[in-house]
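Nothing in this text is a laboratory measurement; each read-out follows from the coordinates by a stated rule. Bear in mind the structure is a predicted one, so any value in this text is a computation, not a measurement. Cβ: placed from backbone, ideal geometry, glycine included. Neighbour counts: every protein chain shown.
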Amino acid sequence: MGYIHFDQTKEFDLILLGRVAVDFNPVDYYMPLSESTTFKKYLGGSPGNIAVGMARLGKKIGFLGKVSDDQFGDFVTDYFNKEGIDTSHLTKCKKGEKIGLTFTEILSETESSILMYRDGIADLQLDVADIDEEYIQKSKAILISGTALAQSPSREAALKALALAKKNNVVVIFDIDYRPYNWKSQDEIGIYYSIVAKQSDVILGSREEFDLTEQLIEQGRTDEQTAKYFHSIGSKIVVIKHGKDGSTAYTNDGNNYSIKPFPVKLLKSFGGGDGYASAFLYGLFEGLEIIDCLELGSASAAMLVASHACSKDMPTVEALKGFITDSKKQYGEMIARV
Ligand SMILES: Nc1ncnc2c1ncn2[C@@H]1O[C@H](COP(=O)(O)OP(=O)(O)OP(=O)(O)O)[C@@H](O)[C@H]1O
Ligand SMILES: O=C(O)C[C@@H](O)[C@H](O)C(=O)CO
């Protein structure tokens, strides 16, 4: 059943709004970051990773974002260009703002942390003047990444993009994407996350991220109560993730579909969410059944937590489907289906 109507006449499948950053993942991992000496550099930033993931899956992707006017800004822009992602609206800051740097600490297969350098950050300089209605009109959907709401002027830019998407019948996808670093207060998180979530067709987040979103609406909701609420005000699909315990998609016809993680040898515990989002959304654009979209998302997530990188290790359709086939051969057809 098609829960989301995408206008097939549009040039872009998805335009993402938010940060693109630079990840430095230690080569000498399974030790404290303070002891690591060697790192690999990758494009990073959750929406940046999702953009790469969806481009790898063959989707036509645009991006609304700001980067630094330096070699790292060039790196991510060139990377997007090589992946076929439109960078016409990925613009450079003019006052020396710096791109986000993410140093990851991989203590063990299951313990990781992320040290973010985000002072004077470029991506939060996205301005309402950068939000072009003609660009948004060209897309089936936009994805707003929650961290873009953390500070002005990016906050107002994201809200303008939201308003223009609604005005032009462009599907709105909200990846809640909570990163504490740039938020000034819990109240601001509740205010701005709820504004966007209430107007979104698809919402993706962990239970904790939905709790933050609902803190000024009603606290302590169950997943079912959360989904029912957002469906009652217009959301079509609510996806609630529970890490290694899997995830569930709630659709506005009252059905829900759950998926478990694919068994995989973990290398790191982060990056799964970006693989999950890119492959799940790919499935939606392909018009697949929700359970098939979830299976793709769960498989991509597993591939990402088993990899050293996020963006660089995003799978192609062939690799993703090969992983699923191999997993089912090894563990059984229902390995991830609940
Ligand atoms: N140990 C694991 N083995 C296999 N898959 C996993 C594991 N941990 C997480 N995943 C997959 O990754 C998905 C997303 O993970 P999680 O719920 O942590 O989202 P997230 O916090 O947004 O991820 P990220 O670390 O990218 O921000 C899970 O729903 C699951 O499918
Ligand atoms: O989202 C971030 O800013 C961190 C990313 O750069 C990093 O790749 C990650 O943790 C992805 O989930």
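Measuring from centroid to centroid over Cα atoms, what is the spacing of segment 117-155 and segment 235-290 in Å?
The distance from the Cα centre of segment 117-155 to that of segment 235-290 comes to 24 Å.
Taking the alpha-carbon set of segment 20-94, what are its Rg and Dmax in Å?
13.9, 41
In nm, what is the difference between 0.36 nm times the number of residues separating residue 78 and residue 156 and their Cα-Cα distance?
Contour length minus Cα-Cα distance gives 25.4 nm.
Kindly rank 246-254, 294-302, 221-229 from highest to lowest mean number of other beta carbons found within 10 Å of each residue.
Going from most to least packed, we get 294-302, 246-254, 221-229.
What number does segment 238-338 give for Rg over Rh if you use C-alpha atoms and the Kirkwood radius?
With Rg and the Kirkwood Rh in hand, the quotient comes to 0.94.
Residues of segment 14-53 with backbone nitrogen within less than 11 Å of a virtual label 7 Å along the Cα-to-Cβ line of residue 181, please, listed as ranges.
Of the residues in segment 14-53, 19-24, 44-46 have backbone N under 11 Å from the label point off residue 181.
Is the shape of the chain best called rounded, prolate or oblate, per the rule: a/c under 1.5 gives rounded, else a/b larger than b/c gives prolate, else oblate, with a ≥ b ≥ c the square roots of the Cα gyration tensor eigenvalues?
Details: a/c = 1.31, a/b = 1.03, b/c = 1.27.
Rounded, because the longest to shortest axis ratio a/c is under 1.5.
To the nearest 500 deg cm²/dmol, what mean residue ellipticity at 222 nm is calculated for the chain from DSSP H runs of n ≥ 4 alone, each contributing -39,500 (n - 2.57), summed and divided by the residues?
-10500 deg cm²/dmol, from helical runs alone.
Compute the separation of the alpha-carbon centres of segment 322-337 and segment 19-81 and state it in Å as a whole number.
If we compute the Cα centre of each part, the gap is 30 Å.
With an 8 Å cut-off on Cα pairs and a minimum separation of 6 or more residues, tell me the relative contact order of segment 109-267 in percent.
17
State, as an integer percentage, the relative contact order of the chain based on alpha-carbon contacts under 8 Å between residues 6 or more apart.
17
Could the peptides 106-113, 233-240 be put in order, highest first, of the mean number of other beta-carbon atoms found within 10 Å of their residues?
Numbers: 106-113: 14.9, 233-240: 20.5.
So the peptides 106-113, 233-240, ranked by packing, come out 233-240, 106-113.
May I ask for the distance between the Cα centers of segment 159-228 and segment 292-314, given as a whole number of Å?
Distance between centres, Cα-based: 24 Å.
Assign one of three labels to segment 291-338, namely rounded, prolate or oblate, based on the Cα gyration tensor with a ≥ b ≥ c the square roots of its eigenvalues; rounded applies when a/c is under 1.5, prolate when it is not and a/b is larger than b/c, and oblate otherwise. Each step should come with its number before you reach the end.
Values: a/c = 1.90, a/b = 1.72, b/c = 1.10.
Prolate.
I need the shape label for segment 181-272. Rule: rounded when a/c is under 1.5, else prolate if a/b > b/c, else oblate, with a, b, c from the alpha carbon gyration tensor.
oblate
For segment 64-195, what does the convex hull of the Cα positions come to per residue, in cubic angstrom?
Once divided by residue count, the hull of segment 64-195 is 135 Å³.
Which of the peptides 187-199, 47-59 is most tightly packed, and how do the rest follow, judged by the mean count of other Cβ atoms within 10 Å per residue?
47-59, 187-199
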